[in-house]
Amino acid sequence: MGAVVTCAAATLKVPRAQVLEGAGVTLLGASSLKAALDIDWSDPAAQADALARLLAQISGSSSERSATPDASSRLKRGTP
């Protein structure tokens with residue numbers, strides 16, 4: 001995913017963070033997904049919550065992309 005974000009940022013001439021935010025997947029921008037989720041990994045309930053947060057972010061981004069074909073122009077403007 002990191003290479004895709006980097007490529008999109010370079011193509012659109014915007015920062016990587018802007019691509020991640022525009023795609024709605026900010027958790028994937030961290031150097032470590034585990035650190036970005038920032039939970040007690042020994043707690044099964046916290047693990048389930050973290051997985052739900054990640055899946056919600058990814059699911060939301062894919063449904064938004066299909067509903068909004070002009071995502072690249074919004075990214076360039078910095079609007080979600």
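Rounded to the nearest whole Hz, the Karplus-based 3J(HN,Hα) values (6.51 cos²θ - 1.76 cosθ + 1.60, θ = phi - 60°) of the range 6-13 follow the sequence 4, 5, 5, 4, 5, 5, 7, 6, with x at glycine and proline.
For the range 2-69, report the % of Cα-Cα distances exceeding 19 Å.
On the way: 899 of 2278 pairs.
Value for the range 2-69: 39 percent of Cα pairs lie more than 19 Å apart.
Taken together, the values in this text are just the output of simple stated rules run on the coordinates, not laboratory data. Everything numeric here is computed off the predicted structure, so don't read it as measured data.
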